Every structure is written in structure tokens, then in C-alpha cells.
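Asker: Quick one: this structure, given as C-alpha cells, is what I'll be asking you about.
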Amino acid sequence: MEDKVSRSSADSLSVTEEFVVVTPNSEKTPEPSQDNVSTTSAESTGLKIVGNGNMEDLKQHLDEVLGGDQHDGKAPSDGHDEGVSGWETPTNNDKSRFRSVSEPVYSANNPSHRVGGDSPTSFQQISSQDLDRLSPSRVGMVPLDKICTLFSRIIYLGAASVNAPKSEMEATKKMTILKQQQSQNAIEIVLSVPRTSEGSVRLLEPDGKSEISAYRITTILFCCRGREGTGISDCFAFTCGHGNRDSQLFQCHIFRCEVPEAVQRILTCFGQAFHRVPRSPGLVDSVHGAMPAPRETLMSFTIPVLVDIREEDGKGNFGAVPRDKRCFKLRQGVKKEVLVTVQQTHHQVLNIERCFGLLISPGREVPDREMHLLDVVNLETSSDCKNYTVTSMWDPNKADLEVLNTESPPGLVPAGFDSSFTCVHDKGMFMTIAVDLVITGIQEPVRFVVETKVRIFPPTEKFWYFNKKPVQEFFYLMLEEIEAAVENEPAYAVLTLESESQRERRRIPTRSPSTNLVQTPDSMTSVAEEESDDDEPLQSGSGNVDKDCEESILLNWGDLLAKWRSNLSVRPKHLRSMVRKGIPEALRGEVWQLLAGVKECEDLMEEYRVLITKISPAEQVILADITRTFTAHEKFQNESEGGQDAMYKISKAYSVYDSEVGYCQGLSFLAAVLWLHMPEEQAFAVLTKIMYDYHLRDLFMNSFIELHVKFYQLERLMEDNIPDLFSHFVHIGIEAHMYASQWFLTLYTAKFPLYTVFHIMDLFLMEGMPIVFNIAVALLKAAKKELLGQDFEGVLKYFRVTLPKRYRTEESAQELMQTALSTKISNRKLKKYEKEFYAMREDEDREDPLERIERENKQLMHANIRLEQENDELARELIVHRLAMEKQLDKERDRADELDRDLKAIKLQLLDTEEENKHLESETSQIKEMYRTGMEKSESDSKRNSTIIADYKQICSQLSERLEKQQTAAREEMARLRRRLQSCEQCANLINEDGKLNQSSDVIRASEEEEPEPELVVAEQQIRELELELAQTKLQLVESQCQVQDLEHKLNSAMTDLHSSKNNSWLQKTFSSLKDATVTKKE
């Protein structure tokens, strides 16, 4: 992998504001202009400085630079530029200038001493003598007192004067010439590169004890390496400036690395030193005439904080609490869990050490003394250390928080509390949540305060709509960097900490409160307006419908369905009243089919299987529509869930079945609602029944003439029931087709939440098309107050965005249904309005064409004026949005630049990690080979010991058999001898019955006088020999057993050593096989 490191003064903090680290690419790039100080290209990043020196000034200050020992050389006369006229190479005389290095040395060669790639973060202290024992075959990185990094096996080729100190081309030329002229004067050194701009680059003796020369970072203007693929790819150089700006000299110091891979790391260390500016200007080794670089003392952070509340579900788990906008819906007496997540999006991440505490209190703008500390605080950190989540348990039964465990009556203030606890229009009371975080570098804990609203419900309350997104609040933190008490440790002072809500309240002018003024619901409308949603319309298919239902309701529906199934032609008596209350979600599929009469038309389901195999001319339109249908529902968001495929097949089958109507936009919403409750065949059958039996298809035929009839009927109903709203709509030019088209064509399924949609479908299948008018009038009545205060654009936006969002909860949907059912709309009145419409059409047909054209012309002129006004407003909005988008685009570009820099840093870290990984893989292979050799040796020893043991067993068996035979022969000989002695009176008592000699003195004396029996002597001698041989055999057996035990002990030791490498599966397998083999051998 090609090494690439680039640092430019444009994107780094410069010590002298004039340095650049350059790593050239393989292609040659033109030399940048010397006048351009801060601009570098992506292909060749060069250093530019002002005020170049000349040869006369260089010669004048050589004594200052080299300490009095000057060695001039002449440039080769081979066509090189005149800038190579002052060559200098170090000699052995330079060693007289060496001085001792007394700083302690820390080793980073061992990978176990490094954390986070190749950047050493922890080190092991070693002595000066240990430095001599560093392996000469490896490039060593030895941080010196955690201030610098040492590189061994570096060859110092010499120094040359330069005219253009930041010219990469001139530096590479000098690298080439000095490497070609490399002589015995080139010396091996250890290069010390500081980790911050406070230090100096040092040239040390190979033993690291003495210093040859030193160059402060503040005097280094330029650093580069040789191009890849050339003869100088293992070389690098840096240029130093000496003297003041009026008479400044420049020298280019050339080095060669015996290990080419070390060049990249050296340049990386130079870049880190350039970037790490000291905390205080007084800590910098200043140079005469060089101004210290300004540091960034003020830092601004935008920190999103997310707040979520969870409740115990009775099974030991915690589930998300339902939320309407910014209002949490809590249950009484249920144990809760509060989660606060602090996110960091700034490129500089603040380290949060711990959570000092999480506090809550009812009300807003609560004093610190009234906050209540929660128990069991837990702080979790994400893998990238940018997200911190604080979790705390909330016991609602505490007396201090009793108000947050009391059911919230709408519009009332709990006794003993001020108006900050007021429940506004059933919106709930305010609650304040605060978290105190200890941040590294900030002396005092930082408190983030989030204000939200809560409503308290009974423990048995059930919620239909769930919004799982937590409450989000943005905080704007301004820090000032101050001088730290501990060196190299960050220290900050908090200047400001402000939330987005506080900024909004500061922008909105507020009335001065009066102590005698009582807060009324009307005066609190502004508080409710703070929670207005954004301008985005509600997505189709949003909301959740719970299938839980009371047991008594299910039993009643079960009895009713049992009676209904017995006679499908007659609807049960109490069916209408039960449907008006809402069909249980678990039974909707079956009840809808019974209401539509699908059970009596099984042929439609059979026909569906044939229709889906046919080709429809509207397939492309259907495919385009299904991706825009129920986009908020998880079953329709992608093809894998099956919802989109089902919608496609049902819509396609109906377009083939009803060729006269075909497919019209809006049918996919009906198909989706039906498919959520029944299989595809039944959904198609119910859709067909709705279109034909409920006359929905009539709205799509004859140029939508029936739809216009419905619009006229709705306007006449508005005129009768809501005359003031009707007059307002006529005044601003709002007509029914502008807002009610989807109501009739999709039966409210396109925009409203699912709970409302399903209940409307219950009523539609029960009541028929007239219920659509009831619901429309109920919607207009409920929104009358808001609509009367809107203009043309505001009314259309209200119908498109605000109105559907009002019915996301079960309570609001039930209220809408009650209003709709209480509105009396007779079929006779609808028929009357229908006749009026057709009569008006006939009058228009008989009207004089000229008069009709003049009337239409006036209408068009009014419409044209209105459209021009709308166009002007849209143009202004477009300009505002465009400016906002450009501002946001600039921010995103800045963010992209930051991410690009982070990516480059991560790539460098990845390269170092890959290199370390290769080193670890090499060590792993060596360990594998070592243990394989040990196993082979153990197996060989085991086989040899097994053979020895088998031989010993065989010898012992043979000796045992031989001993038994000789003992038998000895007993027989003794019996024969005793028989022979019986004939002699003197010898008869010499041997007793047991075969032993008689101890009587007479017998012994007499036997001593007689000569012993030769055969007996020989037998005794053989017995003694056999006993001696048996003892030796047993001794050898014991020795072999001891050797076997010793081998087993060694094997157990090896098993213990290998036990620590559990992650290596091959070691476990090898260990298991070795253990099994050992057990087998022992057996």
C-alpha cells in the first residue's frame, strides 16, 4: 500500500504559520509558487516561506549553526543548480560537541506497550543500558519521557544550504546528490522527534546517551520525503531557518532510513508535532523574531439531548411510553425508567467521565432546590465515545413526586401548585428533567435541563397511538480554554449554556405578568401553540391499532357472530349499535366480510386467482402508486414484507375485472386497508363489493359527474349546518373539490391515522355512502374555529397537514365518530340536493353561450388574480428556502471537510493497525510452530516410554514364571531330602515339618560335623540370585514409573500454558487430541 501523508498550513495549527509536511506522489508535479504561503494542491503539498537567504549569509552563520566546525564542499559540476554549493557532512570531530542525555527513556517497541495502533500511549520505563540492547534489526520508536519519539537505524547524510527552503524540487535534488556522494563521513544516528511543538528534533548517538545536535520545531520550515519508486524513496529531509527575518539562513538536512517503511512514520511524527500547539505561549521555545501562533480559546458546541421515559410492563421489562407531540402519557403507580442521551456531533468530542445525578420535578423553570434526585443512575457510552446514555429509575410512589402520580383532570391546577403545572387543553402539565454530567477539563458539573409535558392516566388506560421518538432538545455550549493546573491536561470554563427552547422564548416577546391576574384557558393558547407540528403532512398508514379488547366486549361479539353465521341473510338486531362503537381489531376481518356479503359470493375469490394471471393495461400506474401507499406502515415500506405485492395483485385483478373503470388512483389505499385484515382473495372480494354494491365506482365514471354531485351535496350541507364557515369558504374561493376529493374517492384512507380509518370503514360498511357526509360535516364542525381564521393558502394547508394530525389518538377519533353519528343527514335531503345539481346543469346548458362565457371569464379573472398572489407568496417562500438551503449546504460542506479529514486520519491509523496485525500474525505462526514441535517431541517420548514399559512388563512376567518353577523344584528337592534323612536317626530331626533346619544345638553340632549337601547349596545359591535379580527388576520398574510421572507432569504444565489461549481454536483442538492420545497410551 502506498504511503501517503500530507499536512498543509491551511488545515492545521502552525507554530510559525509557515510550515508544511510533504509526501510526494508518484507523478511529478510542478513546483508551487513561493509566494503562496497557505495554498497546497492535493497532488503535491509544499512548504512556502518568505524571506529566502543567500550563500553569503549562509557562510557568515555556519559557525553558529554547526557549533564552530565548518566543512565546506563544492557542488558537483554536472548541471545541478547553484543552490548546491554549500554541502556539509558531519565528521568524527563533531563528536567532541556531544552532550549527555539525562532524560529517562520509555520503550514502545513491544506491541503490548502500545494502545490504539502505532501511536504509543503507555510505555515501560527502561534504563540507559537497556537502550543498548534494543534489537538493531527493527525500527525502534522510543518515546523520551513521553515528549518525543526515537527512531533508530537512521543515517545522517549531511546538510546543504538552500535558497528556496520550501521548495520540494530543490530538496529532492539535494537528496539525490547527497545519497550519490554518500561516504564514510555519513554517520548512523538515533533521531528524536518531539510530540509537540514545544520540543526540538535531536540527533543522538546510536546508543542514545549523547546528543549530536538539536533543532527546535519552531525553526523547522519544511519536511518532505523522496518520491516513491525512485532511488531516494528511503530518504527524507527537513529545512531549518536560522537568524532573524532580515538575515535568515536556511539549511536542508538529509537523512536515509535503513528500513524504508520508517520514512512514513517519521513524517507522521513531524506532522503531529506541527499540529500540537502548546497550551500557553509561554511554554513554547520561542525563536527570536518568530511570533507564537494564536490558539483557539473559544469553542462552540451544539449538543442534541434526547429524553425518553419507559414504563414497566409487569414482566420485568420496560416499554416505551406513548407520546403525543412533546407530551408523555404516563400511568399512575407504574415504575418508570428515565433515559437521557447526550449526543456529540462536533469534531472535537468532550469526554464525559460520569453522571453526577439525574433529577426531575413537576413544573417548568424550577429552582435547583426543588429538583428531586432519582435513584440507580447508570451511564453507558457508545463505541465511538460520542453518545452517552444516562438511565435512572423513577419510583412514582415517592411523596415528593406525588403530583406526577396523580391523574390529570383536564384544565385544572392541582391544589397547592402554581400555574406552571396547569394542564392546558388536555395537553398535560410541565415536567423538568435535568442531568448533571462531569466533563473532563470542566471543574463543575454541567447541567442539561429539558422541559416536557406529561399527562397522568389511570393504570388501566390503553393507548392506541404510539410515537416512539424521544423528545429532542438542542443545547448550545460555549467554552473558553483556560490555563490548566496540570500540564498537558485540558481545562475549560463554561461561558454560556443555552437550550433551543430558551432561545425561542427569548425571541418571542412576552407580556409582563401581573400578580393579580388569574390564568385562564384562553390565555394559555400560546402554550399549546408551542407544540405545533412541522409543515410535513401525516404519512399514510401512520399510527398503531392495539388488538387488546375487554373480555366482555369480545364475548358479546362472539354471541352476535354465532347468531349471524346461522343466518347470513339477516343482520342481527344489535349489530348497528355495536358497529357504531367500533369493531374489535381482532374481529374486523370477519365482520367486514359479513357486512359486505362476501360469504355469499365465493365465486369472486375463485375468479381472483384467474384475474391475477392476466395482463392489465394499468400495471405501470399501479406499480408507481404502491410505493406511495401507506409509506408509514412497516408492511408496505419494502417488497420483502409482502404488502406491496398484495396491493399490486389486488389492484391489478380489479382493473381487469372492472374494465369500464379500470384502475383509478386511490384504490390501492382501500386494498391496503382490507389486506391488513384478511387474505388477498377476501380483500379483492370485499373491494369489489364496495365498488359495486356501495356504488363507489359510480364516482369514477362519466367524467366524475357523480363525484361533483357529492361535492355539491357537501356544500349544501355546509350551508345548512355550518353557514358561517360556508360563507367564509365562498369569500376566499374555497370549493369542496379542493379538499374533499380524497375523502370520497379513498373513504378517508389516504391521510388519516389507521385507528380513524378503520373505524370509518366499520361505519361505511354498515351505513353506506351517506356516512361519508356525516364524517365530512363532523370534520368541518370540529375545525370550524381554526378554519375561520385562515386565508386561502392556510385553509388548504390545514386540510392537508393539520386536520389529519388532530385524530391520531383514540380519544379524538371517538369524539369525531360521536359527532358524525349525531349529525342528522336524511337521504331525502341528499336526493333533493342531487336534483338541484342536475337542474343547475340543465340551466347552464340552456344559458346563452355569451353570458356563460362572460361569467366564466370573470371567474377566471378572479382565479388569475388569486393565483398571481399565490405565485408571489410562493416566490418569496422560494427565496427564503433557497437562502436557508444554501446556508445549510455550507454547513454540510464544512461537515464534509471535517469528515474527510477524519477519514484520512482513520486511514493512517488503519495502515498502522494492518502493520501491527501482520506482526502479530507472524508471532502467531511462530507460536504455532513451537507448539507443533513440542507436540511431536511429546508424542515421540510417549511412544518410547510405552515401549519400555511393555518390555519391563514382559521381563517381569518371565522372571515371575521362572521363580515359580524354581520354587516348585526346591520344594520337591526338600521333600526328597527329608525322606532320605528319615532313615538316619541322627539326621531325622535335622529338618522339621516346615522344611526349616532344627535349631537344637545337638542337631546343629552334629550337622556341622557333617558335610553339607551339594545340591542344597546350589539350590540356595540359585534362590539368592533370583531374589537379587527380582529386586533389580522391581527397581527398574519403579524408575520407569517415575519417568512416566515426570512426563505427565510436563504434559500438565504444557496444558496449563495453553489454557490461556482459549480464543485459538486450533490450540484447543491440538490440546484435546494430545490429552486423548496420552490417556490412550496410559491405558
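Asker: Can you go through Ile177, Ile212, Ile189, Ile220 and tell me which one is aliphatic (A, V, I, L, M) and open to solvent by 10 Å² or more (accessible area, probe 1.4 Å)?
Answerer: Just one listed residue meets the conditions, Ile212.
Asker: Go through region 658-695 residue by residue and tally those that are free of Cβ contacts under 8 Å to residues at least 40 places away in the same chain and open to solvent by 30 Å² or more (accessible area, probe 1.4 Å).
Answerer: 4
Asker: Just one of (1) surrounded by fewer than 17 Cβ atoms within 10 Å (Cβ to Cβ); (2) under 30 Å from Cys385 (Cβ atoms); (3) out of contact with any helix residue (DSSP H, G or I) (no Cβ under 9 Å at 6 or more places or on another chain) trips up Lys335, so point out which.
Answerer: (2)
Asker: With respect to the numbered conditions (1) more than 29 Å from Arg455 (Cα to Cα); (2) assigned to a helix (DSSP H, G or I); (3) open to solvent by less than 50 Å² (accessible area, probe 1.4 Å), which one is the sole condition not fulfilled by Ile825?
Answerer: Only one criterion is unmet by Ile825, namely (2).
Asker: Tell me yes or no: at least one residue of region 499-519 is at pLDDT 70 or above, within 27 Å of the chain's Cα centre (by Cα) and in a strand (DSSP E or B).
Answerer: Checking region 499-519: at least one residue is at pLDDT 70 or above, within 27 Å of the chain's Cα centre (by Cα) and in a strand (DSSP E or B).
Asker: Here is a follow-up. Is it the case, given these coordinates, that Arg295 is at pLDDT below 70 and not in a strand (DSSP E or B)?
Answerer: Against the criterion (at pLDDT below 70 and not in a strand (DSSP E or B)), Arg295 qualifies.
Asker: Could I ask something else about it? List every residue pair whose Cβ atoms sit under 7 Å apart, with the two residues 6 or more apart in sequence or on different chains, where the first one lies in region 835-852 and is surrounded by 11 or more Cβ atoms within 10 Å (Cβ to Cβ) and the second, anywhere, is at pLDDT below 85 and in a helix (DSSP H, G or I).
Answerer: Arg852/Glu844
Asker: Kindly list, by first and then second residue, each pair from a residue in region 1033-1048 that is in contact (Cβ under 8 Å) with a residue 24 or more places away in the chain to a residue that is of a type in the set (Phe, Trp, Tyr), limited to pairs with Cβ atoms under 9 Å and residues at least 6 apart or on different chains.
Answerer: Filtered contacts from region 1033-1048: Thr1033/Tyr952; Gln1036/Tyr952; Leu1037/Tyr952; Ser1040/Tyr952.
Asker: Between Lys858, Lys891, which is among the basic types (Lys, Arg) and under 53 Å from the mean Cα position of the chain (by Cα)?
Answerer: When all the criteria are applied, what remains is Lys891.
Asker: Moving on. Return the residues of region 346-369 that are buried (at least 17 other Cβ atoms within 10 Å of the Cβ), assigned to a loop (DSSP other than H, G, I, E, B) and hydrophobic (A, V, I, L, M, F, W, C); say none if nothing qualifies.
Answerer: Leu350, Val366
To keep it simple, each residue is scored yes or no on (1) open to solvent by 80 Å² or more (accessible area, probe 1.4 Å); (2) in contact with a helix residue (DSSP H, G or I) (Cβ under 9 Å, 6 or more places away or on another chain).
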site: Lys829; (1), (2): no, yes
site: Tyr833; (1), (2): no, yes
site: Gln859; (1), (2): yes, no
site: Glu886; (1), (2): yes, no
site: Leu911; (1), (2): no, yes
site: Ser922; (1), (2): no, no
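The values are calculated or read from the model by the stated rules, or taken from the named source; none is laboratory data. Quick caveat: nothing in here was measured; it's all calculated off a predicted structure. Please note: Cβ atoms are built from the backbone with ideal geometry, for glycine as well, and neighbour counts cover all protein chains shown. Note: accessible area is taken over every heavy atom of the protein model, side chains too, but ligands, DNA and RNA are not part of it. Shrake-Rupley method; radii C 1.70, N 1.55, O 1.52, S 1.80 Å.
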